[in-house]
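Novice: Can you keep this structure in mind? I'll have questions shortly.
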Amino acid sequence: MPDKVQRVKGVNDILPAEARQWQALETVIKTVMDRFAYGEIRPPIFEKTELFARGVGEDTDIVSKEMYSFTDMSNTSMTLRPELTAGVVRSYIQNNLQQISPVQKLWYEGPMFRQERPQKGRYRQFWQFGAEAIGSPNPEQDVEMIALFYAVLKELGIEGSVTLKINSVGDTESRETYRTALQDYLRPHLNELSETSQRRFQTNPLRILDSKAPNDKELVKDAPKIRECLNESSTSHYDQVLVMLNEMDIPFVQDDLLVRGLDYYTHTIFEFTSDALGAQDAICGGGRYNDLVKELGGQDVPAIGWASGIERLLLVVEALHPAEPKTDLDLFLIIMGDDLRVKAPGLINQWRSAGLRCDSDALRRSMKAQMREANRQGARYVAILGEDEFTQGVVQLKNFESGEQTAVSFDKVVSTINPQAGD
Ligand code: AMP
């Protein structure tokens, strides 16, 4: 026997039972995005590698070790998108979206690719949905962004298991002040830092704050706080965000060590975590990125966005509100006698066109086996069609729950099952 081809490590097959949970979540996402007046954008799945190197940052984990890159036939390095902010911004610039309106509010959903070590809640192909608002520098835009994700959580009934952590990394000037203060604090301990943090001491010292190495964690506990280094306008921006979050009854905790993994953040950054998950407890992360549009060749336009992992969000939903198995096939047609096999598809088609969810057996099995299949699919009704019924233009319609059975003419089946529907 030939070997079976196995799935690639760290990727998932979403099978129909699970896909139903995805669809339910997607409906919530679309509804909420629509309420907030965000329009959907669908950028390509792969882009030039250069976009991520410039847009996400060379020194990030994503770019330095996690990208799925390949060289195409024209010798250009391409990368399967590891995230979508860079792609959305590239598309915003290339399509001159600022000409349509000075603030563009966009949302997306789709698979992302990162070569991380797989574990529960961490995959190599995973799905994100996210939102970006490009154009406004003001704190009310930050708060709308957070409220947008919070509305999704509320709609899913899981906001109670979730914590919003928030911090500000300020503007360029504030970050420069902080960078120096942090380096001054860490310099005497440089040899005690992990290898990665020693490298980042020069390239990106803020990232040392979210190092997972125990010794680094111990050291940064007493490090100066970025909030203490914010200049006046950065402090004012951040304070207004907090005031508005309070106004909107969105609970949050301030987290001085929150810096987030990507290079492009400015001012407000935030992360939502859930206590229904294990080690991989982040369900959404985002922040302001006022310099990215300019750095990718666009105008000097401020922006803010977030992204949320769909697999993780569904793990939280499943932990808090386990899904009922689906039992909503309206009708299963039981066909008695092979001569009727030619006639039955026309009938089923007619009922399906009228909106009924119907199925029948294509294996020409016994009546008993067909009944069992109807039961397995959770049909509310079965319609039994034998030679006599066919001659009279009726089926024996049996309500599975009450056990009641009556002869119903072909053209009355739909209205009997769904009294609101017309035949
Ligand atoms: P990031 O783009 O790294 O800020 O991630 C945003 C969100 O995407 C996280 O909060 C997670 O919910 C999700 N996420 C990130 N990486 C993965 C992964 N490897 N597998 C599953 N979900 C992920």
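The values are calculated or read from the model by the stated rules, or taken from the named source; none is laboratory data. Since the structure is predicted, the reported quantities are computational estimates derived from the model, not experimental observations. Heads up, the Cβs are rebuilt from the backbone with ideal geometry, glycines too, and the neighbour counts pull from every protein chain shown. The accessibility values were calculated without ligands, DNA or RNA, using every heavy atom of the protein model including side chains. Shrake-Rupley method; radii C 1.70, N 1.55, O 1.52, S 1.80 Å.
Novice: Can you give me the ranges of the helices (runs of 4 or more DSSP H) entirely in the stretch 214-305 with at least 1 residues that are of a type in the set (A, V, I, L, M, F, W, C) and over 25 Å from the mean Cα position of the chain (by Cα)? Break it down stepwise before answering.
Specialist: Values: elements: 214-220, 232-247, 292-295.
Of the helices (runs of 4 or more DSSP H) lying wholly inside the stretch 214-305, those with at least 1 residues that are of a type in the set (A, V, I, L, M, F, W, C) and over 25 Å from the mean Cα position of the chain (by Cα) span 214-220, 232-247.
Novice: Continuing with this model, one more query. Among the residues of the stretch 103-129 satisfying the criterion of being open to solvent by 20 Å² or more (accessible area, probe 1.4 Å), under 15 Å from Leu277 (Cβ atoms) and assigned to a loop (DSSP other than H, G, I, E, B), which is modelled with the lowest pLDDT?
Specialist: Looking at residues that are open to solvent by 20 Å² or more (accessible area, probe 1.4 Å), under 15 Å from Leu277 (Cβ atoms) and assigned to a loop (DSSP other than H, G, I, E, B), I get Lys120.
Novice: What are the pairs with Cβ atoms under 9 angstrom where one residue, in the stretch 377-389, is surrounded by fewer than 22 Cβ atoms within 10 Å (Cβ to Cβ) and the other, located anywhere, is part of a loop (DSSP other than H, G, I, E, B) and acidic (Asp, Glu)? Sequence gap at least six, or different chains.
Specialist: Close Cβ pairs satisfying both conditions: Gly378/Asp328; Arg380/Asp328; Arg380/Asp330; Arg380/Glu401.
Novice: Between residues in the stretch 148-159 that are closer than 12 Å to Val317 by Cα and residues that are acidic (Asp, Glu), which pairs lie under 6 Å by C-beta distance while being six or more apart or on different chains?
Specialist: That search, which allows pairs on different chains as well, returns Leu153/Glu159.
Novice: Suppose we filter Pro118, Pro139 for residues that are within 16 Å of the ligand (Cβ to nearest atom) and touching a residue at least 24 places away in the same chain (Cβ under 8 Å); which single one remains?
Specialist: Pro118
Novice: May I ask you to list pairs of residues, at least six apart or on different chains, whose Cβ atoms are under 8 Å apart, with the first in the stretch 45-57 being without any contact (Cβ under 8 Å) to a residue 60 or more places away in the chain and the second being surrounded by 19 or more Cβ atoms within 10 Å (Cβ to Cβ) and in a helix (DSSP H, G or I)?
Specialist: Glu47/Ala86; Glu47/Gly87; Glu47/Arg90; Phe52/Ile62; Phe52/Val63; Phe52/Ala86; Ala53/Val63
Novice: Another one. Listed residues Ala147, Ala151; which is touching a helix residue (DSSP H, G or I) at 6+ places or on another chain (Cβ under 6 Å) and open to solvent by less than 30 Å² (accessible area, probe 1.4 Å)?
Specialist: Details: Ala147 fails: touching a helix residue (DSSP H, G or I) at 6+ places or on another chain (Cβ under 6 Å).
Among Ala147, Ala151, only Ala151 is touching a helix residue (DSSP H, G or I) at 6+ places or on another chain (Cβ under 6 Å) and open to solvent by less than 30 Å² (accessible area, probe 1.4 Å).
Novice: Looking at the stretch 270-312 only, could you name the residues that are among the β-branched types (Val, Ile, Thr) and near the ligand (Cβ under 9 Å from one of its atoms)? Outline the logic, then answer.
Specialist: Applying the first criterion (among the β-branched types (Val, Ile, Thr)) to the stretch 270-312 yields 273, 283, 293, 301, 304, 310.
Answer for the stretch 270-312, where residues must be among the β-branched types (Val, Ile, Thr) and near the ligand (Cβ under 9 Å from one of its atoms): Thr273, Ile283, Ile310.
Novice: Across the stretch 251-290, which residue is nearest to Asp222 (Cα to Cα) among those that are touching a strand residue (DSSP E or B) at 6+ places or on another chain (Cβ under 6 Å) and among the charged types (D, E, K, R)?
Specialist: Step by step, filter the stretch 251-290, then rank; the result is Asp255.
Novice: Now for a different question. Kindly evaluate Tyr178 against the criterion of being under 21 Å from Pro302 (Cβ atoms) and either out of contact with any Ser or Thr (no Cβ under 7 Å at 6 or more places or on another chain) or assigned to a helix (DSSP H, G or I) (or both).
Specialist: Working: under 21 Å from Pro302 (Cβ atoms): yes; either out of contact with any Ser or Thr (no Cβ under 7 Å at 6 or more places or on another chain) or assigned to a helix (DSSP H, G or I) (or both): yes.
So Tyr178 passes the test.
Novice: Determine, yes or no, whether Val88 is under 22 Å from Pro302 (Cβ atoms), aliphatic (A, V, I, L, M) and either touching a residue at least 24 places away in the same chain (Cβ under 8 Å) or in contact with a helix residue (DSSP H, G or I) (Cβ under 9 Å, 6 or more places away or on another chain) (or both). Quick ask: steps written out before the conclusion?
Specialist: Values: under 22 Å from Pro302 (Cβ atoms): yes; aliphatic (A, V, I, L, M): yes; either touching a residue at least 24 places away in the same chain (Cβ under 8 Å) or in contact with a helix residue (DSSP H, G or I) (Cβ under 9 Å, 6 or more places away or on another chain) (or both): yes.
The answer is yes for Val88.
Novice: Out of (1) out of contact with any helix residue (DSSP H, G or I) (no Cβ under 8 Å at 6 or more places or on another chain); (2) in a helix (DSSP H, G or I); (3) in the same structural domain as Arg122 (by TED's automatic domain parsing), what's the single condition that is false for Leu313?
Specialist: (1)
Residue-by-condition table, conditions (1) more than 30 Å from Glu155 (Cα to Cα); (2) in the same structural domain as Ser161 (by TED's automatic domain parsing); (3) in contact with a helix residue (DSSP H, G or I) (Cβ under 8 Å, 6 or more places away or on another chain); (4) hydrophobic (A, V, I, L, M, F, W, C):
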residue	(1), (2), (3), (4)
Ile304	no, yes, yes, yes
Ser308	no, yes, yes, no
Asp339	yes, no, yes, no
Lys343	yes, no, yes, no
Gly355	no, no, yes, no
Cys358	yes, no, yes, yes
Ala379	no, no, no, yes
Glu387	yes, no, yes, no
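Novice: Where residues in the stretch 252-289 are closer than 19 Å to Ile134 by Cα, touching a helix residue (DSSP H, G or I) at 6+ places or on another chain (Cβ under 6 Å) and hydroxyl-bearing (Ser, Thr, Tyr), which of them is surrounded by the most Cβ atoms within 10 Å (Cβ to Cβ)?
Specialist: Thr268
Novice: Could you list all residues from the stretch 98-156 that are of a type in the set (Phe, Trp, Tyr) and in contact with a Lys or Arg (Cβ under 7 Å, 6 or more places away or on another chain)? Explain how you work it out, then say what you get.
Specialist: Of the stretch 98-156, the ones of a type in the set (Phe, Trp, Tyr) are 107-108, 113, 123, 126-127, 129, 149-150.
Across the stretch 98-156, the qualifying residues are Tyr108, Phe113.
Novice: Follow-up question, since we're still on this one. Checking the condition aliphatic (A, V, I, L, M), open to solvent by less than 10 Å² (accessible area, probe 1.4 Å) and either in contact (Cβ under 8 Å) with a residue 40 or more places away in the chain or within 16 Å of the ligand (Cβ to nearest atom) (or both), which residue from Leu329, Leu333, Leu315, Leu320 passes?
Specialist: Criteria check complete, one pass: Leu333.
Novice: Moving to a separate point now. Taking the stretch 175-198, which residues are of a type in the set (Ser, Thr, Tyr) and open to solvent by 50 Å² or more (accessible area, probe 1.4 Å)? Explain how you work it out, then say what you get.
Specialist: From the stretch 175-198, those of a type in the set (Ser, Thr, Tyr) are 177-178, 180, 185, 194, 196-197; that's our starting set.
Scanning the stretch 175-198 gives Thr177, Thr180, Tyr185, Thr196.
Novice: Kindly provide the set of residues from the stretch 340-358 that are touching a strand residue (DSSP E or B) at 6+ places or on another chain (Cβ under 8 Å) and crowded, with 17+ Cβ neighbours inside 10 Å, ordered by number.
Specialist: Once the filter is applied, which keeps residues that are touching a strand residue (DSSP E or B) at 6+ places or on another chain (Cβ under 8 Å) and crowded, with 17+ Cβ neighbours inside 10 Å, the stretch 340-358 yields Ala344, Leu347, Ile348, Trp351, Leu356, Cys358.
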